[in-house]
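Report on the structure given below.
The values are calculated or read from the model by the stated rules, or taken from the named source; none is laboratory data. Since the structure is predicted, the reported quantities are computational estimates derived from the model, not experimental observations. We place every Cβ from the backbone using ideal geometry, glycine too, and count neighbours over all the protein chains shown. What goes into the accessible areas is simple: the full protein's heavy atoms, side chains included, and nothing from ligands, DNA or RNA. Shrake-Rupley method; radii C 1.70, N 1.55, O 1.52, S 1.80 Å.
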Amino acid sequence: MSDGGGAQESDAVGLLRALIREACVNDGRPDSGQEIRSVRVLQRFLAPAVAAGRIETQVLESAPGRASLIARVRGTDPSAPSLGLLGHLDVVPVDPEGWTRNPFGGDLIDGEIWGRGAVDMLYLTAAFAAVLRETALAPERPRGDLVLLAVADEEAGGEYGIHWLVREHPDAMRVSEALSESGGMRMGAHVAIEVAEKGSAGRRLVIRGKPGHASIPYGAASAAYRVGEVLQRLGEVAPAAQPSELWDAFVAARIGDPALAERLRDPVSIDAALPHLGGIAGYAHAVSRITLSPTVLRAGMTHNVIPAVGTIDLDIRTLPGTSDADVDQLLAAVLGPLIDEVEIQHLRGWAATASSAREPLFAAIERAVGAVAGAPVVPIMAAGGSDARVLRELGIPAYGFGLLGPDWTYERYREGVHGNDERIDVESVELSLAALRLIVAERVGGLVVE
Ligand SMILES: [Zn+2]
């Protein structure tokens, strides 16, 4: 343990360390997570404001121990915006072998807080709770509601968290706009704020052959070979890039070389230009098109029987506006002449979501980031998903927020999330909190920020 150089530890940093130590690890099993422990930590943190009658809290449990905390500071004007601060409490598992420190120690060493969830996303959940408490205890009541939505089960898809909450407790969850995770990294001179997330449209390709005994293969048509043919085709024919407004914004913010930027904006030359992007090439590839990855292959039951049927599961990630029919049409184009040999089944999925960057909340983020970091904001699309999409599906503008220090490139952020030795610097926590105060003051009031 260290005191980080003797500096006074802020409320948000202390809370972050406490949340890390609760180790609400979510491995996807219904009884994992046990977020009730971190809910208790938040209740203790908010207790002075609750005792003063300034915050209404609800603990909502979807299953034993799978608790979420909703804490609402009521505004004076029902027509004012109500700002939701959506933070999850669960974290993904660790491989302790890969860590140089206790992943659940919450150590503060040389200005960095160590532990699973430090970046994804307990630092923000802690900052959200800190700004909520400040607002509740401020002399003046806010105009609009400020609501902390500290939820369970984000890392496993939110069935015990956000999905259950919006289904069972829509009144508790009621907000008109929201901030959540996956923002604040630097893209060139800009700070990235997430406005959109790709969707998922899983498909299973079922491929049939003619079975036979493996000792006499003559006359059989093994589904295994046909799976191989389809796989080869999938490897050779990939969906084309579809540059969008968000893509152009990304290129303008991140690519300094004008010639390279020009090639990236052109759907014909984009793929040849990707290798010049270094560590961000994978992200750039993912957000400029629908991607398609074979993941699970199945054929055959027994060593000595030629399989009659094989399947290929495809992880397909869509863009805002992509329909189910579009995905099937794209698959038909990719498979070409092989389409007649394949039956396409739909697996679980969800649509891509996007919030407009022309909403007042986005403008408030731009002003706050400009004031605190002196940097412009670039709206970006995330390749993966988060709970924010559930709010977007309800028509609520929701942005992936954060304001990380100047050394936090997108690549560094990606490495920090779910990786070994996950840690965040105090500076990033304080920058995020400073910007958050300005956003809250502008959107719902109450706080006076000098
Ligand atoms: Zn997260």
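Is it true that residue 159 is within 16 Å of the ligand (Cβ to nearest atom) and open to solvent by 10 Å² or more (accessible area, probe 1.4 Å)? The answer is yes for residue 159. Looking at residue 196, is it open to solvent by less than 30 Å² (accessible area, probe 1.4 Å), away from the ligand (no atom under 16 Å from the Cβ) and part of a loop (DSSP other than H, G, I, E, B)? Against the criterion (open to solvent by less than 30 Å² (accessible area, probe 1.4 Å), away from the ligand (no atom under 16 Å from the Cβ) and part of a loop (DSSP other than H, G, I, E, B)), residue 196 does not qualify. Residues that are under 20 Å from residue 376 (Cα atoms), of a type in the set (D, E, K, R) and not in a loop (DSSP other than H, G, I, E, B) within segment 205-258 comprise 245, 248, 254, listed in sequence order.
Checked against (1) surrounded by fewer than 16 Cβ atoms within 10 Å (Cβ to Cβ); (2) assigned to a helix (DSSP H, G or I), residue 331 passes all but a single condition, namely (1). One residue is enough: does segment 25-43 have a residue meeting the conditions within 16 Å of the ligand (Cβ to nearest atom), open to solvent by less than 60 Å² (accessible area, probe 1.4 Å) and at positive phi? Within segment 25-43, one or more residues are within 16 Å of the ligand (Cβ to nearest atom), open to solvent by less than 60 Å² (accessible area, probe 1.4 Å) and at positive phi. Residues in segment 248-278 that are of a type in the set (A, V, I, L, M, F, W, C) and either free of Cβ contacts under 8 Å to residues at least 40 places away in the same chain or over 20 Å from residue 185 (Cβ atoms) (or both): 251, 259, 260, 261, 264, 268, 270, 272, 273, 274, 277. Considered as a group, the residues in segment 112-138 that are within 20 Å of residue 417 (Cβ to Cβ) and in a loop (DSSP other than H, G, I, E, B) include one that is nearest to the ligand (Cβ to nearest atom), and that residue is 117. Taken over segment 143-156, the criterion of being part of a loop (DSSP other than H, G, I, E, B) and either within 15 Å of the ligand (Cβ to nearest atom) or among the polar types (S, T, N, Q) (or both) is satisfied by 152, 153, 154, 155, 156.
Restricting attention to segment 297-323, the residues that are within 19 Å of residue 338 (Cβ to Cβ) and either of a type in the set (Val, Ile, Thr) or free of Cβ contacts under 8 Å to residues at least 24 places away in the same chain (or both) total 5.
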